[in-house]
Amino acid sequence: MEIKSSGTGSSSENFSDTERWGSLITGGALVLSGLSQRSLRGALMAIAGGTLAYHGVAGQKSLQDTVTAATGLDKPLRVEKTVTIQNKSAAELYQYWHNFENLPTFMKHLKSVTVMTSTNRSHWVANAPLGNSVEWDAEVVNDLENQLISWASLPGATVENSGFVRFQAAPPGRGTEVKVVLEYSVPGGGLTAAIASLFGENPEQQVGDDLRRFKMLMETGEIATTEGQSCGRRS
Amino acid sequence: MRALCWQGNNKVGVETVPDPKILNPRDAIIKITSTAICGSDLHLYAGMIPTVQKGDIIGHEFMGEVVELGSKVNNVKIGDRVVVPFSIACGSCFFCNRDLWSLCDNSNTNAWIAETAMGHTPSGIYGYAHALGGYAGGQAEYARVPFADTGLLKIPDGLTDEQVIFLTDIFPTGYMAAENCNIQPGDTVAIWGCGPIGQFAIRSAFMLGAERVIAIDRVPERLAMARAGGAETLNFDEVEVGEALKEMTGGRGPDSAMDAVGMEAHGKGFEGLYDKVMQTVKIQLDRANVLRQAIVAVRKGGTVSLPGDYIGLVDQVPMGAFMNKGLTMKTGQTHIHKYLRPLLDRVQKGDIDPTFIITHILPLEQAPHGYEIFQQKKDSCIKIVLKPGLVAA
Ligand SMILES: NC(=O)c1ccc[n+]([C@@H]2O[C@H](COP(=O)([O-])OP(=O)(O)OC[C@H]3O[C@@H](n4cnc5c(N)ncnc54)[C@H](O)[C@@H]3O)[C@@H](O)[C@H]2O)c1
Ligand SMILES: [Zn+2]
Ligand SMILES: [Zn+2]
């Protein structure tokens, strides 16, 4: 899906693209519809001044890619969700999120995130069905203090993923808007099964629920739950 | 402990279940001394509410004594006597900050279900289906109260359970429904439904300055109780309600019209049959003939107040009448937290004695019998208070 841009990649176009994606990602609009066919990873790299050297960004389509494209299996999964969090500044929210080791507190599918000290890399472990887990390494692509963090998985991940979280003050008294945009793709296709193993049937809803739990934690200091409460006979 | 569980359509039973425990730092555990059955519970009982599950502990009107506290609850102490608002609210979100407690952002653990159906989720509610959080309810010996530091109202000495238990729902609900009527001096308010909500709404409408209240039902003892509260009454089995209201208001129609019946309204003729069929085949979950009547009967430029519960789609709403008559509609699950103190004040000052509504006080063990007589309107039943501590006579 990157053929188009890599085939016409003159430097002036790259420059204006960078500007366009930059304002898209830091602006207020719907990010995914603005990105259209462009990959989120590519856009994040471009704004960060990256070399776009990651897999699938600049290469030619392999035969396998062409086949999976024809069957629709190569479509990356993209999710965009926004919540508004009351009584917390962008700085406070950014601080909590920036410590990636906090993320499993509200992201249900994550088992752990370990930050590798003195690098911008981290190791992620996610729950998969039947007690299995999926692991990958990721790198911070862009880090704008109190505003935006973007990241991408490093080559070799079973499920390539990238995304960003953005913190933006709403009008006075209206809290802080937190937008998360994520993209997942599987090198060589097979996306549906891989994603389902990570996120269950409805990844969109899972991301929404994760973000809602973040909001609960930030606004109330805890995550509402009924797990472990009493009930009578279920049948 | 013993707790009343939903077991299927028109079937509830008292079972032995594990005692509740603290799950979050802002939780409390309450030992329940009194707990009431609500008209909303009847919708669950009848199987009208999707996402209720067998074994769910139901009930949302309860009070009692604090027996255990999470580490972050500082406003009440062990041993305090408290009432618990039926909706669960965090106290710190956008909506709680604006006194819109039943719209709290942070208490529905299954928000996505409500969001899918309604765009946004209201607050969680005790004992009311998993779409609203699936919280264990309060028709039990004990209950867990989340966000106890915002929800609990400590009851001063010298007031009985019966005087204050209805602060958990029906008194504030009737009161907010009356506020939503936008009552001006000289106004006439028509109220459909003389169940507990309608009864408290009648009395609240007078407190808020209504000149006349016309109450509509067909159950004789409920109509009698409405008259005792100062209302004129209409029996919808005996008169054509729309015409009668017009005649009683000089042809103009009541200034405001309240639907205190909701989705299980009894309809007449073809329209009632149509609703029943649609509801049975689950195309339409709500029967809306009271809402329709209210819109048509209210005067031009008037207000429709809707405390009655609706959950899904409603067919055949006279939107043309609503628009062309320039009406306003106000509704919602009640923002109980907002009304707790002001209405406790009114009880203490003697503006109202809420015990008038109680027709039955039963042991918790007899709750299934209570549901049956409340639903069937047997034994002149209007409101039941259950007492876990009470031994059957
Ligand atoms: N908004 C809220 O927060 C809130 C809180 C509590 C209850 N409710 C809802 O309020 C409604 C009333 O509750 P309740 O406890 O008084 O219930 P209830 O079932 O005791 O009372 C309903 C009354 O309506 C009467 N009725 C039925 N069809 C009618 C018709 N066509 N015209 C006139 N009257 C008719 C019935 O005879 C009955 O007396 C229910 O829908 C309940 O779910 C809402
Ligand atoms: Zn109730
Ligand atoms: Zn809240």
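Just wondering, is there one or more residues in the range B:133-155 that are within 12 Å of ligand 1 (Cβ to nearest atom) and away from chain A (no Cβ under 14 Å)?
No; the residues of the range B:133-155 include none that is within 12 Å of ligand 1 (Cβ to nearest atom) and away from chain A (no Cβ under 14 Å).
Mind checking which strands (runs of 3 or more DSSP E) fall wholly inside the range B:1-86 and carry at least 2 residues that are within 9 Å of chain A (Cβ to nearest Cβ) and within 22 Å of B:Val391 (Cα to Cα)?
B:2-8, B:11-16
I'm trying to understand the selection: among the residues of the range B:144-161, which are closer than 18 Å to B:Ala36 by Cα and assigned to a strand (DSSP E or B)?
B:Arg144, B:Val145, B:Leu153
So, of the residues in the range B:312-350 that are without any contact (Cβ under 8 Å) to a residue 12 or more places away in the chain and charged (D, E, K, R), which turns out to be surrounded by the most Cβ atoms within 10 Å (Cβ to Cβ)?
B:Asp345
Those residues that are near ligand 1 (Cβ under 10 Å from one of its atoms) and either of a type in the set (S, T, N, Q) or in a loop (DSSP other than H, G, I, E, B) (or both), I need them from the range B:289-304; list them, please.
Scanning the range B:289-304 gives B:Asn289, B:Gln293.
I want to confirm something. Restricting to the range B:325-358 and keeping residues that are within 16 Å of ligand 2 (Cβ to nearest atom) and assigned to a loop (DSSP other than H, G, I, E, B), which single residue is farthest from the other protein chains (Cβ to nearest Cβ)?
B:Ile358
Does B:Thr116 count as surrounded by fewer than 20 Cβ atoms within 10 Å (Cβ to Cβ) and part of a helix (DSSP H, G or I)?
Here the answer is yes, as B:Thr116 does meet what is asked.
Could you tell me whether the range B:43-58 includes any residue that is over 30 Å from A:Gly175 (Cβ atoms), in contact (Cβ under 8 Å) with a residue 40 or more places away in the chain and among the polar types (S, T, N, Q)?
Yes, the range B:43-58 contains a residue that is over 30 Å from A:Gly175 (Cβ atoms), in contact (Cβ under 8 Å) with a residue 40 or more places away in the chain and among the polar types (S, T, N, Q).
Could you check A:Gln168 against (1) assigned to a strand (DSSP E or B); (2) surrounded by 19 or more Cβ atoms within 10 Å (Cβ to Cβ); (3) more than 14 Å from chain B (Cβ to nearest Cβ) and say which number it fails?
The one condition A:Gln168 does not meet is (2).
Could you identify the single residue in B:Thr188, B:Thr173 that is within 14 Å of ligand 1 (Cβ to nearest atom) and crowded, with 24+ Cβ neighbours inside 10 Å?
B:Thr173
Within the range B:96-113, which residues are part of a helix (DSSP H, G or I), within 15 Å of ligand 1 (Cβ to nearest atom) and more than 19 Å from B:Ala148 (Cβ to Cβ)?
If the condition is that a residue be part of a helix (DSSP H, G or I), within 15 Å of ligand 1 (Cβ to nearest atom) and more than 19 Å from B:Ala148 (Cβ to Cβ), then B:Leu103 is the only one that fits.
Between residues in the range B:184-201 that are more than 14 Å from every other protein chain (Cβ to nearest Cβ) and residues that are within 16 Å of ligand 2 (Cβ to nearest atom) and aromatic (Phe, Trp, Tyr), which pairs lie under 7 Å by C-beta distance while being six or more apart or on different chains?
Between residues of the range B:184-201 that are more than 14 Å from every other protein chain (Cβ to nearest Cβ) and residues that are within 16 Å of ligand 2 (Cβ to nearest atom) and aromatic (Phe, Trp, Tyr), the close pairs are B:Phe200/B:Phe171; B:Phe200/B:Tyr175.
Would you mind listing the strands (runs of 3 or more DSSP E) fully within the range B:162-273 where at least 1 residues are within 23 Å of B:Ile125 (Cα to Cα)? Lay out the reasoning, then the answer.
Working: elements: B:188-192, B:212-217, B:232-235, B:256-259.
Output list reads B:256-259.
Looking only at the range B:129-143, how many residues end up being closer than 13 Å to B:Phe62 by Cβ and either in a loop (DSSP other than H, G, I, E, B) or in contact with an Asp or Glu (Cβ under 6 Å, 6 or more places away or on another chain) (or both)?
6
Scan A:Gly200, A:Gly221 and give me the residue that is at pLDDT 90 or above and either surrounded by fewer than 19 Cβ atoms within 10 Å (Cβ to Cβ) or within 16 Å of ligand 1 (Cβ to nearest atom) (or both). Break it down into steps so the answer makes sense when it comes.
Working: A:Gly200 fails: at pLDDT 90 or above.
Every option except A:Gly221 fails the conditions.
May I ask you to list the residues in the range B:30-67 that are closer than 18 Å to B:Pro20 by Cα, among the hydroxyl-bearing types (Ser, Thr, Tyr) and more than 11 Å from ligand 2 (Cβ to nearest atom)?
Across the range B:30-67, the qualifying residues are B:Thr33, B:Ser34.
If I ask for residues that are of a type in the set (Ser, Thr, Tyr) and either surrounded by 21 or more Cβ atoms within 10 Å (Cβ to Cβ) or at pLDDT 95 or above (or both), which ones from the range B:260-309 would you list?
Across the range B:260-309, the qualifying residues are B:Thr303, B:Ser305.
Which ones in the range A:135-170 are more than 21 Å from A:Gly22 (Cα to Cα) and in contact with a helix residue (DSSP H, G or I) (Cβ under 6 Å, 6 or more places away or on another chain)?
A:Val159
Is one or more of the residues making up the range B:167-178 touching a helix residue (DSSP H, G or I) at 6+ places or on another chain (Cβ under 7 Å) and away from ligand 2 (no atom under 14 Å from the Cβ)?
Within the range B:167-178, one or more residues are touching a helix residue (DSSP H, G or I) at 6+ places or on another chain (Cβ under 7 Å) and away from ligand 2 (no atom under 14 Å from the Cβ).
With respect to the numbered conditions (1) closer than 20 Å to A:Leu211 by Cβ; (2) at pLDDT 90 or above, which one is the sole condition not fulfilled by A:Tyr184?
(2)
The values are calculated or read from the model by the stated rules, or taken from the named source; none is laboratory data. This one's a predicted model, so the numbers in the text were calculated from it and none came from an experiment. Cβ coordinates were reconstructed from backbone atoms using ideal geometry, including for glycine residues, and neighbour counts include every protein chain displayed.
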